[in-house]
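The values are calculated or read from the model by the stated rules, or taken from the named source; none is laboratory data. Remember, it's a predicted structure, so these values are computed and weren't measured experimentally. Cβ placement follows ideal geometry from the backbone for every residue including glycine, while neighbour counts extend to all protein chains displayed.
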Amino acid sequence: MTFLFSNRNFAFVLLLALVVLSGCARRPLLTGEWKGDLVWSGTVYLRGDVILAEHSRLTIQPGTTIIFLPPDTGEDRLTEHPHFPGSELIVRGELLAEGTAERPIVFRYAKDSAPAGSWGGINLQGSPGARFRFCRFTQADSALHSQESIVAVEESIFDRNLVAIRFHSSQFLIQHNLIHDNGTGIRFHFGAPAISRNRLVDNEKAFFITAHPQDYQIVENEILSSQRYSVVLGEEVPEDVIFQRNYWGGLDSERIAATLFDGRRDAYLGRVRFTPLCKGPIDGAGVSWSP
């Protein structure tokens, strides 16, 4: 593993280095709060609540794997919303995670066989800028969670998470991603998301909008094979929500309406306005690579 930081802005670093992995094997292990200009590459192990401080910047290089370990006693102090149980990366500064198709960046739990919810998530809190490209997120509670942040995620894969992308009061660009086999694909309230050219398939719920969406654009996505609902409106969404120009796997409006939990089921809620439809699959929807 390569781990670099700048002394120029360095204020505090807590590093637990070289702990036993198994037998004689050893690994560098990061926990606590980090400040300054940081670069991660190789394999990086995180345990507990790892914090990137305000005014700091973290760059994750292509091909890096971030592995979240189960926290030790006292290391998972932040578990109530907007935090989550398990180890998580809490970002209050800037984060740049740009992989490539040949060398994606992976965020996962220590055991490949572990279920969704095994680690907390990447938790953006007032981040002035976070960008993810060619990344894979798997086995998290809420893989990407944002509040009052500016975030872009493109060309990335989300699978086996309780929630893939979750946010409120954030400017969020979500485009050209594959979001599949999650409990919920995209969950948000308030905020200003631009969501386009994504492929959401085989999620329990593709979209869950919990309160008063505004300044949003959700167009030219493929929303397919949701196990329960394609779109769910929460009790604080009495207004209609616009989902025009998306592809739902066919042109049967009654079949599409049956996949929605909105004013058609509860008169208090608004309705999902999904016409006009895209008549066929969206050119360029999803990612341009495979893991």
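Residues in segment 265-291 that are without any contact (Cβ under 8 Å) to a residue 12 or more places away in the chain and more than 27 Å from A192 (Cβ to Cβ): R265, A267, S290. Taking the residues in segment 65-90 that are hydrophobic (A, V, I, L, M, F, W, C) and part of a loop (DSSP other than H, G, I, E, B) as candidates, determine which candidate is modelled with the highest pLDDT. Ranking the qualifying residues of segment 65-90, first place goes to F84. For segment 162-221, a residue qualifies if it is assigned to a strand (DSSP E or B), of a type in the set (D, E, K, R) and farther than 13 Å from V232 by Cα, and the qualifying residues are R166, R199.
When segment 109-167 is filtered for residues that are under 16 Å from T65 (Cα atoms), without any contact (Cβ under 8 Å) to a residue 40 or more places away in the chain, of a type in the set (V, I, T) and surrounded by fewer than 24 Cβ atoms within 10 Å (Cβ to Cβ), only T138 remains. Residues in segment 145-170 that are within 11 Å of the chain's Cα centre (by Cα), among the aliphatic types (A, V, I, L, M) and farther than 20 Å from S226 by Cβ: V151, A152, V153. For segment 105-118, the set of residues classified as assigned to a strand (DSSP E or B) and in contact with a Lys or Arg (Cβ under 8 Å, 6 or more places away or on another chain) consists of I105, V106, F107, R108, listed by residue number.
Using the structure shown, decide if S226 is without any contact (Cβ under 8 Å) to a residue 40 or more places away in the chain, part of a strand (DSSP E or B) and closer than 20 Å to L277 by Cα. Spelling it out, it is not the case that S226 is without any contact (Cβ under 8 Å) to a residue 40 or more places away in the chain, part of a strand (DSSP E or B) and closer than 20 Å to L277 by Cα. Can you pull out the residues in segment 89-106 that are under 11 Å from G63 (Cβ atoms), free of Cβ contacts under 8 Å to residues at least 40 places away in the same chain and surrounded by 19 or more Cβ atoms within 10 Å (Cβ to Cβ)? Result: G99, single match.
Going by what's in this entry, would E102 be described as over 17 Å from G185 (Cα atoms) and at pLDDT below 95?
Numbers: over 17 Å from G185 (Cα atoms): yes; at pLDDT below 95: no.
Here the answer is no, as E102 does not meet what is asked.
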